[in-house]
Each structure stands twice: as C-alpha cells, then as structure tokens.
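Reviewing the structure listed below.
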Amino acid sequence: MSGSTAVRPSARRTRAHGPVAGRTRASVRRAAAHARAYLAGAVARLRPHPVAYGLVLVLAAGLLTLAGPGGGTADAASVCTGRPARTVAFATGELRLYRNRHYACALVLAKRPGAPRPMKVTLQPRGGRAAVVSGRWGRQAGPVTVHALNRCVRASATVANRSTATGWILC
C-alpha cells in the first residue's frame, strides 16, 4: 500500500455541473439538509395564529349577518354573455337564448328546481354542427355556445322527458 493514495468516499468530488461542481458529496448533502431545515422553519412561520384565525371567522360571520341574504331579484344571473334574445317556455322548464355579435348561447332551466333529472340542451348554427349538453341536473343544463356571426340558429331543450324546439331563429 505504499504507492497508492486512498481517498475517503465522502471526500470524492461530484461529477455534477453548475453550482455543485467541484464540491464534495458531503458538502452538497450538508447544504441540502440546511435548505430543508430552513424551508421547514419558513413553513412553520407561515401558519396562522389560532386566535387570529378565530377573529377572522367571527368578523366574516358578522359581515354576512349584517349584509343579510342577497337583496337582488329572484331571477338568477345568466351564465351566457350577450343580450337575452328569446325565451321559450314549456311544461317542465324554460329554454333561454342569448345573442351577441359573434356568438349565440342557450341554456335550459327547470320550472321546479330540485332532484336531479335528465336535461338536455342543443344549439346549432345554420351550416354548422350542433353543440349538445346532456346529463342529470337539478336546476339547469348548459350553457351551450356556438359561433353564429350572421347566421340563424335553432335550439332544442328537454327536461324530464318534456321538450321544446325552435325553428331557425335569430337570423
């Protein structure tokens, strides 16, 4: 063993590139452990204090009590953009159509919201493919939007096996 120089495994240099190049594996491990400890302390400092959390909840509850329930109209805000263009009522619901310059939008509302039931709404631009939304909902199906710049559209809706359909409208 007189001619060989032994190097301890922890003192070997890493073959990595970048900020760890030329550092020993042990020093890289120490730096990683230090970073983990620092981050754990930072996360612990970010936890909210229980008293402050309770105070925020009490303030939020008080503001909601003062504001009361929504004072708006009974009509829900529409999820479609544009102006209301047509409303078609039928036995179990209502088909609503909206239009802006480029798009037409449709949704169907149940007359009596409640338990989920089969609903379907279809909107088709003239010369285009129909967009369909179907499933089981309690209040509304849709919205369905199609590109309808300078085009007529037709729509149909179904709520609990009762349906309605329009001809080509909004021309």
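The values are calculated or read from the model by the stated rules, or taken from the named source; none is laboratory data. Quick caveat: nothing in here was measured; it's all calculated off a predicted structure. Neighbour counts run over all protein chains shown; Cβ positions are idealised from the backbone, glycine included. Ligands, DNA and RNA are stripped out before the accessible areas are found, and what is left, the full protein with its side chains, is counted by its heavy atoms. Shrake-Rupley method; radii C 1.70, N 1.55, O 1.52, S 1.80 Å.
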Study note, to complete from the structure: Checking ALA42, ALA77 in turn, the sole residue that is modelled with pLDDT under 95, among the small types (Gly, Ala, Ser) and either assigned to a helix (DSSP H, G or I) or surrounded by 11 or more Cβ atoms within 10 Å (Cβ to Cβ) (or both) turns out to be ALA42
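Here is a yes/no grid of residues against (1) at pLDDT below 95; (2) of a type in the set (Val, Ile, Thr); (3) loosely packed, with under 12 Cβ neighbours inside 10 Å; (4) within 16 Å of CYS80 (Cβ to Cβ):
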| position | (1), (2), (3), (4) |
| --- | --- |
| TYR103 | no, no, no, yes |
| THR122 | no, yes, no, yes |
| ARG126 | no, no, no, no |
| SER134 | no, no, no, no |
| VAL153 | no, yes, no, yes |
| VAL159 | no, yes, no, no |
| TRP168 | no, no, no, no |
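Can you tell me which residue is least open to solvent (accessible area, probe 1.4 Å) among those in the range 136-151 that are in contact with a strand residue (DSSP E or B) (Cβ under 9 Å, 6 or more places away or on another chain) and among the polar types (S, T, N, Q)?
GLN140
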